[in-house]
1. Where does the range 594-640 land on Rg(C-alpha)/(2.2 N^0.38 Å)?
2. Okay, helix-only estimate at 222 nm for the chain: each DSSP H run of n ≥ 4 adds -39500 (n - 2.57), divide by all residues, round to 500 deg cm²/dmol; what do you get?
3. Along the charge dipole of the range 1-119, Cβ charges K/R +1 and D/E -1, which of 50, 87, 18 sits furthest on the positive end?
4. State the Cα centre-to-centre distance between the range 483-530 and the range 258-300 in whole Å.
5. Suppose every K and R has +1 on its Cβ and every D and E has -1 on its Cβ; what is the size of the dipole of the range 594-640 about the Cα centre, in Debye to the nearest 20?
6. So between residue 632 and residue 237, what do we pick up on full extension, going 0.36 nm a residue minus the alpha carbon distance?
7. At a temperature of 25 °C and a viscosity of 0.890 mPa s, determine how fast the range 372-465 diffuses translationally according to Stokes-Einstein, using the Kirkwood radius over alpha-carbon pairs as Rh; express D in µm²/s, rounded to the nearest whole number.
8. Using mean Cβ contacts within 10 Å as the protection proxy, how do 297-308, 514-525 order, highest first?
Amino acid sequence: MNMPSTNTHQGGWTSRHSAERYGINEWGADYFAVDANGHVMVLDPENPDGSPVSLLAIMHGLRDRGLEPPVLLRIENILDHRIKVINQAFTHAMTDAGYRNRYRGVFPIKVNQQRHVIEEIARAGSRFNHGFEAGSKAELLIAMASLESHTCPIICNGFKDAEFIQLGLYARKLGIDCFFVVENPTEARIIIEQSQALNVRPLVGVRVKLSTRVDGHWQEDSGDRSIFGLSTTRLLEVVDLLKQADMLDCLRMLHAHIGSQIPNIMNVRAGVAEACRYYVDLVREGAPMGTIDMGGGLAVDYDGSQSNWTHSRNYQLTEYCADIVDSIMEVLDPLDIAHPELITESGRATVAYSSVLLFNILDVTDCRPLQEADTDANTDQQALLTDPQIQRLNSVRDIVNPGNLQECYNDANFYREEMRDRFRRGTATLRAMALADNTYLQIIERIQEEIPNASRVPTVLQDLSESTSDIYYGNFSVFQSLPDTWAIEQVFPVMPIHRLDEEPKRTAFIADITCDSDGKIDHFSDPSGQHPTLPLHDVHKDEDYFLGVFLVGAYQETLGDLHNLFGDTNVASIRISAEGTIEYERELHGDTIADVLSYVEYEPASLQESFRQVAERAVRSGNLTVAERRTIVRSFSESLGGYTYYEHI
Ligand SMILES: *Cc1c(COP(=O)(O)O)cnc(C)c1O
């Protein structure tokens, strides 16, 4: 039954069909594509006519260098390109509209704090004056140490104590455009005190709570119920505090962040228009203002549907920029108020594309029913054929046709339930129930076969693939590498990175190697909709089958945790050279078992010592020879130094 992988065009299936099936041309944003040999290729966005490189070749290159899967791959060309396109799109939108000020972007560090990522953003961003947004003291320290130019801003959000404020004031002394975004009057008081003490004029922004509500996952957190931002009364309290301290001239920015992953462009327009009303009135209060920061929210089209679904967006980058610029001008121009500098804080749209999680499949549980031939041979089962429920299930299976699908489905469920009931009461054997379960699955399979011939398909029958789908076990942890899959049902594109010139004939969901029943990927999305399963290929013996999870650069690394003590994966940064060769820029070995144990306060040396004592007791009681003790103790130590994921020994 297995199709050999060399048999490339069987049944007319080509890479193009795979590209359609997995939607890569929709979500891949021209960074990823499938080539004629069935490989997922990475394209250098600066060199679209250059030679793309295959993810499989990169994976092999990493293995040769000692980096085993799972590997988190970062592609620097893509990160550089994202920063460039965001900046250029705003600049173009401003030029087109005749906007009389500039754009500066900042990267919110919370979205990916990894040093290599931050360094690359600082480097690629310096020529666009692209800065950082910091939400804590630790992030502010990163921002201050990483910026390559003083013309790149730092925006400080979140709760700020006196120490946080002092740090930011030192940044001002160094000549950095460091803004404090005030979230409550207490913070304003600390800013006033500290800046007077250090004799520095701070740059102050105020974060307002907009009533505009956004669609998508963060709907509940937007609008009046947002936990962030100043209410109108608190806002005026801050303005009055600044006035009293003779510091109203320090009020330079209006800040609003209406949510993350905003799928609907109408929400963006409404949010900007509302923010501008605040801006106007603060100018009227006598504040110099001069900058408007619209926060993050620029969405990533994770499913490629270009719709206002939660995991997508119904707009392009150019439209997002043009709409923000236009909306500001619509409010300010009639009132003759000068155009402010515009800042945005795009996190996910900056980093999501540049990382791919690569892992191998370790095992497959085939959940398809056994076929007739397999059961006939078994004489025990021959005897069961006279069992009433088995007989009924068999006859249901034999009469499935396009006209009675619902009826057969109902009967199959009914008789299987009767059998289960008998098993619970002790009047049916385990073998009888196994046969009933298998026949049930055969009926489901028959129904699925007939669905294309039916004129009307009842909704309950539309996705039966779940009951007969296989389980593919992947060498990774959802909780460490894709936490949002578990926490907020985030959808990421998942697909094999090779063999795409073969038709994927299995349907499966993916389980990770944690022993948690939530450690799985069972919602997939492509432009045609959401599915509980993914089409995959048979796994050949002695041949790795690699899958990639794409667009994982935002939030995932940071939120990941040590569930079941699976640690950080190996990480590699690559760059595609102008000649189309792969440059292995940086590599980071993932956590060893000793590393993760020390995170939960185990001292590897004392664990080793305790184990040595356990082994010694076994020698004393005669269960172990001294030579065996030596081997076992050595193996224990070697395991401490090993990767937390599955390794080939
Ligand atoms: C999280 C956050 C962002 C980033 O949002 P994205 O949707 O990733 O662009 C920007 N600004 C603030 C204040 C945030 O809290």
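1. On the way: Rg = 11.8 Å, N = 47, 2.2 N^0.38 = 9.5 Å.
For the range 594-640, the normalised Cα radius of gyration is 1.24.
2. Mean residue ellipticity, 222 nm, calculated: -12500 deg cm²/dmol.
3. Highest projection toward the positive end goes to 87.
4. Here the two parts' Cα centres lie 36 Å apart.
5. Details: 6 positive and 7 negative charges, 75 e Å.
Using only the charged Cβ atoms, the result is roughly 360 debye.
6. 135.3 nm
7. 178
8. Final packing ranking: 297-308, 514-525.
Here, each number is a calculation from the coordinates, and none is a lab measurement. On a predicted model such as this, the values are computed, not experimentally measured, just so you know. Positions of Cβ are generated from backbone atoms using ideal geometry, with glycine treated the same way; all protein chains shown enter the neighbour counts.
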